[in-house]
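Below: one structure, written as structure tokens.
The values are calculated or read from the model by the stated rules, or taken from the named source; none is laboratory data. Everything quoted here is computed from the prediction, not taken from an experiment. Here the Cβ positions follow ideal geometry from the backbone for every residue, glycine too, while neighbour counts run over all protein chains shown.
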Amino acid sequence: MPPGGGNGMGQRGEIVALQGLDLEVRDGEFFGLLGPNGAGKTTTIGILTTRVKPTSGTALVGGADVNRQAVEVRRRIGVVPQRANPDRGLNVIENLLFHAAYFGIPSSASLPRAMELLEQLGIAERANSKVDELSGGQQQRLMIARALIHDPHVIFLDEPTVGLDPQTRLSLWEILRKLHAEGRTIVMTTHYMEEADKLCDRIAIVDRGQLLELDTPEALKQRAPGGTLVEVTLSSDAAPVVEHVKPLEGVLRVEAAGPLLRVYSDRGGRVISSVIQAAEETGVNVANISLTEPSLETLFVARTGRKLD
Amino acid sequence: MTASATVPKPLSPATATAPKAVSSATVFVALLRRDMRVARKEIVFFLVRTTMQPLLFLIVFGFLLPKMNFLGKAYQTALLPGILAVSLSLSAIQSVALPMVQDFGWTKEIEDRLLAPVPTRLIAAEKIVAGMIQGFIAAAFVLPIARLVMGPIPALTLSHIGEVTLIVLLGSLAFSSLGMWLGTAIAPQQIGLMFSVIIAPMLFFGCAYYPWRGLDVVPAMKYLVLVNPMVYVAEGMRGALTPAVPHMPLPIVVAALLIVASAFWTLGIRSFYKRAIG
């Protein structure tokens, strides 16, 4: 799509743009922004939620321009921030009721909904607690309730499961699936491959503000370079070892990045012993070895030269 | 933990396409209600924080020293309006500046209000109005206490209550706007500096503890202090509460406060916007 291409989008599309990166999130889509810390994910969310002014370019949310129609955009969205930032002057339920009031919803309508949300997020018994008395995970769930209290059509979540225990993470996944099933558009950033893989209709892999890949998780996985990724950390520069490893049986591709040697193998981990041998023959020692099956992860490493976390 | 995975039904089926517009006034009132709720919870801390200094001053200079015959009734008369000016100014500044420093500096908790569907500048305006109200409350709280501590003050009259209210409102507006500006422009680490470098001189050279006409004896200072907005609040309070005592003419005070308030309002709202939108 051409930059700033709001034309032909109609009212049912949402466009995302960042640093020459153009993409469209479809209405009702569960869209994942996957990338390492510092990739520009939070900035993207900041722009789309009207909290950061883009230096150039256009971004529309539900047909409204984030720059010129910020109020229109805010009316449509719910936001779960990366770091819980509840209103500490208010207790848990007040956080929800006042947030609803900022959207013009009277407490007669928001109170039952707030209780329902707290119930579903497992923090109903904390309704009258001070925010400071909640654990980190409970505060994060309060953020989710707050993002939903005014019933927005588009929900932005910035790394929503960071710091959550596995059980809470799973229940949050279920909630997100339900919200998606209701037809809401969800844009979520994450640096967890599994999360993006399991939840998203489509995933954009971003790094350093650039869009690297954009497709369904299935298509992306098929695009991952063949074979198992064997990462070998050497005692010194890996470049001289590349030529010795390349001809080994089962080796599809070899790359060096400093002391790190990346070997893509179609024989799984069985190439390890011959790789170690080849390395030692060139006079370097092996400090560490890791194996990764073909996945979004291996695609990411192949495209960026870096691991996600 | 028993988080189940059902999700509440949408509030109305129509929200998917066209969210209902809500008037800025409704949101403004909701924001104001929030600030008043928080202020009510913290009313004791708020009053102690903002009126302790003027009340201590009042006890020493309005009660002890006159009792010891170091100061006469005339001084009490000059002091009372000044004490009110200090109380309302301090509380208006602090009730905006401190939360701003905290919210933007580290807790980021203002975020939920920045997502409210109103122009960002309106959120800043609401904060200033909330600060104004708190300045008003502080003045209303200190006046009876001052009267009680000092005993009867012959020149004191409440017959110009309209003027008193006007000065309190304009003064609170000016200082609440100043609080917005300081709270959003100053780095959190420098908040202590704000008190010693800006607020303290403002109090001491603000003609709060002596009338402006008294500075006739130091003419240079008499004109120098005119840059200090506190002077107009203190003199305005004198003109309204103790009109028999020499004071700056009220129209000049009102004009000066209007100018100061609109300047700080503009600076404060601009600075808030800069901090709010990255």
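Kindly evaluate A:PHE98 against the criterion of being within 27 Å of the chain's Cα centre (by Cα), of a type in the set (Phe, Trp, Tyr), surrounded by 23 or more Cβ atoms within 10 Å (Cβ to Cβ) and within 21 Å of A:GLU72 (Cα to Cα). Let's see the steps before the verdict.
Values: within 27 Å of the chain's Cα centre (by Cα): no; of a type in the set (Phe, Trp, Tyr): yes; surrounded by 23 or more Cβ atoms within 10 Å (Cβ to Cβ): yes; within 21 Å of A:GLU72 (Cα to Cα): yes.
For A:PHE98, the condition - within 27 Å of the chain's Cα centre (by Cα), of a type in the set (Phe, Trp, Tyr), surrounded by 23 or more Cβ atoms within 10 Å (Cβ to Cβ) and within 21 Å of A:GLU72 (Cα to Cα) - is not met.
State which residue is surrounded by the most Cβ atoms within 10 Å (Cβ to Cβ) when the search covers only region A:110-119 and only residues that are more than 7 Å from chain B (Cβ to nearest Cβ) and farther than 16 Å from A:MET143 by Cβ.
So in region A:110-119, the residues more than 7 Å from chain B (Cβ to nearest Cβ) come out as A:110-112, A:114-115, A:118-119.
After this cut, where a residue has to be farther than 16 Å from A:MET143 by Cβ as well, the list is A:110-112, A:115, A:119.
Details: A:SER110: 23, A:LEU111: 15, A:PRO112: 11, A:MET115: 15, A:GLU119: 18.
Here the residue is A:SER110.
Against the definition (farther than 24 Å from A:THR49 by Cβ, part of a helix (DSSP H, G or I) and free of Cβ contacts under 8 Å to residues at least 24 places away in the same chain), how does A:LEU220 come out, yes or no?
no
Please report, ordered by residue number, the helices (runs of 4 or more DSSP H) entirely within region A:125-199 with at least 1 residues that are within 13 Å of another protein chain (Cβ to nearest Cβ) and among the charged types (D, E, K, R).
Working: elements: A:136-148, A:166-181, A:193-199.
In region A:125-199, the matching helices (runs of 4 or more DSSP H) lie at A:136-148, A:166-181.
Against the definition (surrounded by 15 or more Cβ atoms within 10 Å (Cβ to Cβ) and in a helix (DSSP H, G or I)), how does A:VAL206 come out, yes or no? Step through it out loud before you land on a result.
Working: surrounded by 15 or more Cβ atoms within 10 Å (Cβ to Cβ): yes; in a helix (DSSP H, G or I): no.
The answer is no for A:VAL206.
Kindly provide the set of residues from region A:224-249 that are in a helix (DSSP H, G or I) and either in contact with a strand residue (DSSP E or B) (Cβ under 6 Å, 6 or more places away or on another chain) or surrounded by 15 or more Cβ atoms within 10 Å (Cβ to Cβ) (or both), ordered by number. Step through it out loud before you land on a result.
Filtering region A:224-249 down to residues in a helix (DSSP H, G or I) leaves A:239-245.
Once the filter is applied, which keeps residues that are in a helix (DSSP H, G or I) and either in contact with a strand residue (DSSP E or B) (Cβ under 6 Å, 6 or more places away or on another chain) or surrounded by 15 or more Cβ atoms within 10 Å (Cβ to Cβ) (or both), region A:224-249 yields A:ALA239, A:VAL241, A:VAL242, A:HIS244, A:VAL245.
Conditions first: (1) buried (at least 20 other Cβ atoms within 10 Å of the Cβ); (2) assigned to a helix (DSSP H, G or I); (3) within 14 Å of chain A (Cβ to nearest Cβ); (4) among the aliphatic types (A, V, I, L, M). B:LEU98 passes all but one, so which condition is the exception?
(1)
Mind listing whichever residues of region B:238-275 are without any contact (Cβ under 8 Å) to a residue 40 or more places away in the chain, part of a helix (DSSP H, G or I) and crowded, with 17+ Cβ neighbours inside 10 Å?
Once the filter is applied, which keeps residues that are without any contact (Cβ under 8 Å) to a residue 40 or more places away in the chain, part of a helix (DSSP H, G or I) and crowded, with 17+ Cβ neighbours inside 10 Å, region B:238-275 yields only B:ALA256.
Does any residue of region A:167-174 turn out to be among the polar types (S, T, N, Q), surrounded by fewer than 17 Cβ atoms within 10 Å (Cβ to Cβ) and over 26 Å from A:GLY40 (Cα atoms)?
Going through region A:167-174, the residues among the polar types (S, T, N, Q) turn out to be A:167-168, A:171.
If we keep only those that are surrounded by fewer than 17 Cβ atoms within 10 Å (Cβ to Cβ) too, we end up with A:167.
Going one step further and asking which of them are over 26 Å from A:GLY40 (Cα atoms), we end up with A:167.
Yes, the conditions are met somewhere in region A:167-174.
Confirm whether B:ARG147 is basic (Lys, Arg) and either within 14 Å of chain A (Cβ to nearest Cβ) or on the phi > 0 side of the Ramachandran plot (or both).
Values: basic (Lys, Arg): yes; either within 14 Å of chain A (Cβ to nearest Cβ) or on the phi > 0 side of the Ramachandran plot (or both): no.
Criteria not met by B:ARG147.
Count, please, the residues in region B:120-144 that happen to be within 14 Å of chain A (Cβ to nearest Cβ), under 15 Å from the mean Cα position of the chain (by Cα) and not hydrophobic (A, V, I, L, M, F, W, C).
Number of matching residues: 3.
Can you work out which of the residues in region B:101-119 that are touching a residue at least 12 places away in the same chain (Cβ under 8 Å) and not in a helix (DSSP H, G or I) is farthest from the other protein chains (Cβ to nearest Cβ)?
Within region B:101-119, the first condition is being touching a residue at least 12 places away in the same chain (Cβ under 8 Å), and the residues that meet it are B:101-102, B:104-106, B:110, B:113-114, B:116-119.
Imposing the further condition that a residue be not in a helix (DSSP H, G or I) reduces the set to B:110, B:116-119.
On the way: B:ILE110: 8, B:ALA116: 4, B:PRO117: 4, B:VAL118: 6, B:PRO119: 6 Å.
Among those that are touching a residue at least 12 places away in the same chain (Cβ under 8 Å) and not in a helix (DSSP H, G or I), it is B:ILE110.
Can you find, within region B:202-220, the residue that is nearest to the chain's Cα centre (by Cα) among those that are surrounded by 13 or more Cβ atoms within 10 Å (Cβ to Cβ) and free of Cβ contacts under 8 Å to residues at least 12 places away in the same chain? Outline the logic, then answer.
Filtering region B:202-220 for residues surrounded by 13 or more Cβ atoms within 10 Å (Cβ to Cβ) gives B:202-215.
Subsequent filtering for residues that are free of Cβ contacts under 8 Å to residues at least 12 places away in the same chain retains B:204, B:215.
Working: B:PHE204: 17, B:LEU215: 26 Å.
Step by step, filter region B:202-220, then rank; the result is B:PHE204.
Can you confirm whether A:VAL71 is within 7 Å of another protein chain (Cβ to nearest Cβ) and within 21 Å of A:PRO160 (Cβ to Cβ)?
Working: within 7 Å of another protein chain (Cβ to nearest Cβ): yes; within 21 Å of A:PRO160 (Cβ to Cβ): no.
No: the conditions fail for A:VAL71.
Out of all the residues in region B:25-68, which are of a type outside the set (Val, Ile, Thr), under 21 Å from B:ALA97 (Cα atoms) and surrounded by 20 or more Cβ atoms within 10 Å (Cβ to Cβ)?
To start, the set of residues in region B:25-68 that are of a type outside the set (Val, Ile, Thr) comprises B:25, B:28, B:30-37, B:39-42, B:45-47, B:49, B:52-58, B:61-68.
Restricting the remaining residues to those that are under 21 Å from B:ALA97 (Cα atoms) gives B:28, B:30-37, B:39-42, B:45-47, B:49, B:52-54.
Answer for region B:25-68, where residues must be of a type outside the set (Val, Ile, Thr), under 21 Å from B:ALA97 (Cα atoms) and surrounded by 20 or more Cβ atoms within 10 Å (Cβ to Cβ): B:ALA30, B:LEU31, B:ARG34, B:ASP35, B:PHE46, B:PRO54.
Only one residue in B:LEU267, B:LEU226, B:LEU257 is out of contact with any Leu (no Cβ under 9 Å at 6 or more places or on another chain), away from every other protein chain (no Cβ under 14 Å) and of a type in the set (A, V, I, L, M, F, W, C), so which one is that? Let's see the steps before the verdict.
On the way: B:LEU267 fails: out of contact with any Leu (no Cβ under 9 Å at 6 or more places or on another chain); B:LEU257 fails: out of contact with any Leu (no Cβ under 9 Å at 6 or more places or on another chain).
The match here is B:LEU226.
Can you confirm whether B:ARG121 is within 21 Å of A:VAL52 (Cβ to Cβ), surrounded by 20 or more Cβ atoms within 10 Å (Cβ to Cβ) and either modelled with pLDDT under 95 or basic (Lys, Arg) (or both)? Please lay out each step first, then the result.
On the way: within 21 Å of A:VAL52 (Cβ to Cβ): yes; surrounded by 20 or more Cβ atoms within 10 Å (Cβ to Cβ): no; either modelled with pLDDT under 95 or basic (Lys, Arg) (or both): yes.
Considered against the rule, which asks whether it is within 21 Å of A:VAL52 (Cβ to Cβ), surrounded by 20 or more Cβ atoms within 10 Å (Cβ to Cβ) and either modelled with pLDDT under 95 or basic (Lys, Arg) (or both), B:ARG121 comes out as no.
Please go through (1) more than 14 Å from B:ASP112 (Cα to Cα); (2) among the basic types (Lys, Arg); (3) at the interface with another protein chain (Cβ under 8 Å from one of its Cβ atoms) for A:LYS41 and return the number of the only condition it doesn't satisfy.
Checking A:LYS41 against (1) more than 14 Å from B:ASP112 (Cα to Cα); (2) among the basic types (Lys, Arg); (3) at the interface with another protein chain (Cβ under 8 Å from one of its Cβ atoms), the one that fails is (3).
Looking only at region A:284-297, which residues are out of contact with any helix residue (DSSP H, G or I) (no Cβ under 8 Å at 6 or more places or on another chain) and modelled with pLDDT under 80?
Of the residues in region A:284-297, the ones out of contact with any helix residue (DSSP H, G or I) (no Cβ under 8 Å at 6 or more places or on another chain) are A:287-288, A:290, A:293.
Within region A:284-297, A:GLU293 is the sole residue that qualifies.
Inside region A:51-82, can you point out the residues that are under 19 Å from the mean Cα position of the chain (by Cα) and either surrounded by fewer than 17 Cβ atoms within 10 Å (Cβ to Cβ) or closer than 17 Å to B:VAL118 by Cα (or both)?
A:ARG51, A:VAL52, A:VAL61, A:ILE77, A:GLY78, A:VAL79
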